[in-house]
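See below for the structure under consideration.
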Amino acid sequence: GNSVTQMEGPVTLSEEAFLTINCTYTATGYPSLFWYVQYPGEGLQLLLKATKADDKGSNKGFEATYRKETTSFHLEKGSVQVSDSAVYFCALGTNTGNQFYFGTGTSLTVIP
Amino acid sequence: DTAVSQTPKYLVTQMGNDKSIKCEQNLGHDTMYWYKQDSKKFLKIMFSYNNKELIINETVPNRFSPKSPDKAHLNLHINSLELGDSAVYFCASSGRRQPPYNEQFFGPGTRLTVL
């Protein structure tokens, strides 16, 4: 079956620290992979995505590479800011059947 | 331009009441969804409609009834509200014409509080 396993939080970092949030998946076929971000009191916004193996998604200084060999899509940022404090969701979308699977979310707090 | 909109943003009501949440998308997407997010931020899909037809109906109490009058609208009606229904409800849509076809576009959420 299809599923997403995401690093549990909460994660607390100091400003300018390096961020990694781990995400691994199981899937039949060739899914697309996504990271969504939810800022306090808001809905989910797409942060970045990758549609095939070895694709790198990037946005706002965040990056994630679709690794088929390790079935992973880890989120990284070299230097976090206070404004990055949010909940981050890894997600998988199948290319048939309109199925979409979210991880459990990782809460990130960045302190000055 | 708002892509996916929901009303109301906040809903406070008494146990036992019936309430509705409305959702509209102007993206021309074929598929719409309802998700429930609990206090721990866990997202659970409830329903999915494709071109007004129900395609996903997860284990949800039958007090919850979705209705899709056309493919741009998906409303959620909840009967006999219970304390455990308190959550944030998100509407989403998908239907890109190029990969990734099922990228989800979310509304701002409706925070339901049942007293």
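The values are calculated or read from the model by the stated rules, or taken from the named source; none is laboratory data. Every value quoted in this text rests on a predicted model; they were computed, and no experiment measured them. Every residue, glycine as well, gets a Cβ built from its backbone with ideal geometry; the counts of neighbours run over all protein chains shown.
Brief remarks follow.
- Among residues of the stretch B:15-35 being within 12 Å of chain A (Cβ to nearest Cβ) and in a strand (DSSP E or B), the one that is nearest to B:A87 (Cα to Cα) is B:Y35.
- Selected residue (criterion: farthest from B:T113 (Cα to Cα)) from residues of the stretch B:31-45 that are crowded, with 16+ Cβ neighbours inside 10 Å and not basic (K, R): B:T31
- Residue in the stretch A:55-99 that is farthest from B:S48 (Cα to Cα), counting only those that are within 11 Å of chain B (Cβ to nearest Cβ) and aliphatic (A, V, I, L, M): A:A86
- Residue match in the stretch B:97-114 (condition: in contact with an Asp or Glu (Cβ under 8 Å, 6 or more places away or on another chain), surrounded by fewer than 14 Cβ atoms within 10 Å (Cβ to Cβ) and either at pLDDT below 95 or more than 28 Å from A:T106 (Cα to Cα) (or both)): no
- The set of residues in the stretch B:57-94 being within 12 Å of chain A (Cβ to nearest Cβ) and not acidic (D, E) consists of B:V88, B:Y89, B:F90, B:C91, B:A92, B:S93, B:S94.
- Residue in the stretch B:75-96 that is surrounded by the fewest Cβ atoms within 10 Å (Cβ to Cβ), counting only those that are touching an Asp or Glu at 6+ places or on another chain (Cβ under 9 Å) and farther than 24 Å from B:Q14 by Cα: B:R96
- All of B:I21, B:I78 fail the test of being in contact (Cβ under 8 Å) with a residue 40 or more places away in the chain and touching a helix residue (DSSP H, G or I) at 6+ places or on another chain (Cβ under 9 Å), apart from B:I78.
- Members of the stretch A:1-43 that are of a type in the set (S, T, Y), surrounded by 13 or more Cβ atoms within 10 Å (Cβ to Cβ) and farther than 21 Å from A:T70 by Cβ: A:Y36, A:Y39
- Among the residues listed as B:V12, B:V60, the single one being assigned to a loop (DSSP other than H, G, I, E, B) and either modelled with pLDDT of 95 or more or β-branched (V, I, T) (or both): B:V60
- Scope the stretch B:45-56; condition more than 9 Å from every other protein chain (Cβ to nearest Cβ) and either within 17 Å of A:F89 (Cβ to Cβ) or part of a strand (DSSP E or B) (or both); matching residues: B:M46, B:F47, B:Y49, B:E53, B:L54
- Qualifying residue in the stretch B:10-24 (condition: more than 22 Å from A:K49 (Cα to Cα), of a type in the set (G, A, S), touching an Asp or Glu at 6+ places or on another chain (Cβ under 9 Å) and loosely packed, with under 13 Cβ neighbours inside 10 Å): yes
- Residues in the stretch B:95-115 that are more than 7 Å from every other protein chain (Cβ to nearest Cβ) and either in contact with a Ser or Thr (Cβ under 8 Å, 6 or more places away or on another chain) or among the basic types (K, R) (or both): B:G95, B:R96, B:R97, B:F105, B:T110, B:R111, B:L112, B:T113, B:V114, B:L115.
- Elements of the type strands (runs of 3 or more DSSP E) sitting completely within the stretch A:21-112 and holding at least 1 residues that are closer than 30 Å to B:Y49 by Cβ and in contact (Cβ under 8 Å) with a residue 60 or more places away in the chain: these cover A:23-26, A:32-38, A:86-93, A:100-102, A:106-111.
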